[in-house]
Amino acid sequence: MPVHPYTTVPGRIKSLMEKIRSVGVPERANRNWLMLIGFKSSNDRTMLSMLKFIEFVNAGGQPTDAWRAYRGPNHGEVLAEALRQAYKGIFETFEEPWKLTTNELRDYFAVETGAAEGTVSKMVDTFKSLCSVAEFRQSTASTLPSLIAEHTRTNGLQIPVQQQGKSVNININVELPITDDEEVYRKIFKALKDYLID
């Protein structure tokens, strides 16, 4: 049965998500990082597994593109789409699970996970707290990759635009993902050339 990581301090989720937007992007999100930004309780550490579950950090604790996109203007939508992916089952079962009552959520998580009542309550509280920070839309064509792409920018690419004899330069900045896979960079630059330059 699916296991949904949870935090024992769901009331701190909003504060953590605000910190992600206001402090710098760490090399790794770990216990030391939490303490540096003011989350010093041992219970605060349970939020790290939650960040992995929604894929804001990878298995090594390094912030992902979703983390970086969350720092942009569409942060609420980015989180909403991350939740749609992480909690795929409940979003396939209910059209708007963020509107379910606590009892309805308990029933769902109890059946889906088979966990004990106390654990189910923590899963529900974690889900509800995350949803309270997210911005859901009833019907949206947005996906997490498209929101990340919207946030991503290339440094110093200038595109000349001709309009009625006048020349306009548009600067587009791209934050490239940190990866050892050169093919990722090739695809990004090819897409820039195909869709922006040509």
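The values are calculated or read from the model by the stated rules, or taken from the named source; none is laboratory data. What you see is a predicted model; the values in this text were computed from it and never measured. With ideal geometry, Cβ positions are generated from the backbone for all residues, glycine too; neighbour counts draw on all protein chains shown.
Take ARG12 and tell me if it is modelled with pLDDT of 95 or more, within 17 Å of SER121 (Cβ to Cβ) and basic (Lys, Arg).
yes
Is it fair to say GLU55 is free of Cβ contacts under 8 Å to residues at least 40 places away in the same chain and within 28 Å of PHE109 (Cβ to Cβ)?
yes
Which of the residues belonging to the stretch 27-71 are exposed (fewer than 15 other Cβ atoms within 10 Å of the Cβ) and aliphatic (A, V, I, L, M)?
Those that are exposed (fewer than 15 other Cβ atoms within 10 Å of the Cβ) and aliphatic (A, V, I, L, M): MET35, LEU36, ALA59.
Output the residues belonging to the stretch 41-50 that are out of contact with any helix residue (DSSP H, G or I) (no Cβ under 8 Å at 6 or more places or on another chain) and under 12 Å from PRO5 (Cβ atoms).
THR46, SER49
If GLU104 satisfies every condition in (1) out of contact with any Gly (no Cβ under 8 Å at 6 or more places or on another chain); (2) surrounded by 17 or more Cβ atoms within 10 Å (Cβ to Cβ); (3) among the acidic types (Asp, Glu) but one, which is the exception?
It fails just one condition, (2).
With the requirement that a residue be surrounded by fewer than 13 Cβ atoms within 10 Å (Cβ to Cβ) and under 19 Å from LYS14 (Cβ atoms), what does the stretch 72-101 give you?
Correct list: PRO73, LYS99.
Out of (1) of a type outside the set (S, T, N, Q); (2) modelled with pLDDT under 65; (3) in a helix (DSSP H, G or I); (4) in the same structural domain as PRO26 (by TED's automatic domain parsing), what's the single condition that is false for TYR185?
Condition not satisfied by TYR185: (4).
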